[in-house]
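The numbers here are math on the coordinates, done by the rules we state, and not lab data. Treat the numbers as computed from the prediction; the structure is a model and nothing was measured.
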Amino acid sequence: MFEFFSCPAITPSPPARNTGVASATTYLATQASFRVYVERLSLPTDAANPADIVKNVEWLEAAFRKRGFTTQQLSNNGKPLMFGEYKQKAAGAKTVVFYMLFDGMPVTPENWAQKSPWVPVLKQRNAQRAWEGRAYTDGIPARPMGGRRTTQNF
């Protein structure tokens with residue numbers, strides 16, 4: 001789906017991809033989840049703006065529900081929190097707790113060396129060691145780096 005890139009931080013290494021069905025499944029799931037990751041990064045998280053927090057909670061609720069969780073918004077002076085629970089428990093299963101911070105510091109967009117702090121950009125150094133990148137729109141690369149459609153390692 002994303003033939004344009006390979007990001008080591010979120011993609012299994014090549015040897016792991018070739019070790020069997022589980023690794024191939026992990027690789028495909030990782031690649032498919034990148035669109036969701038980019039979508040999440042696109043949400044403003046200015047803690048001083050309650051509307052940003054509400055949008056984040058609504059997005060998180062939808063994402064968790066899609067994966068079988070029940071969710072609940074917890075009121076917090078106009079900046080709700082979200083609680084999610086996966087109720088399908090197996091006998092002897094351990095409890096896992098995730099904590100996600102989504103109330104960031106205010107930003108000044110004109111101080112960013114890119115279009116917007118809320119438009120994700122993947123960057124790499126070119127042959128001259130200068131940073132170049134490509135913005136993502138709806139999770140799809142706006143243009144391949146260097147004008148080529150090829151796998152890029154970031």
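Descriptive notes on the structure:
- The coefficient of translational diffusion for segment 14-105, derived via Stokes-Einstein from the alpha carbon Kirkwood radius under 20 °C and 1.002 mPa s, stands at 138 µm²/s.
- Shape call, segment 80-128: gyration tensor on alpha carbons, a/c limit 1.5: oblate
- Under 28 Å from the Cα of residue 123 - lysines, other chains or at least 8 residues apart: 55, 115
- Straight-distance crosslink candidates among aspartates and glutamates, where the alpha carbon sits under 15 Å from residue 94 and sequence neighbours closer than 8 are dropped: 85
- Plainly put, segment 48-95 has a radius of gyration that is 1.10 times its Kirkwood radius, both from alpha-carbon atoms, as the Rg/Rh ratio.
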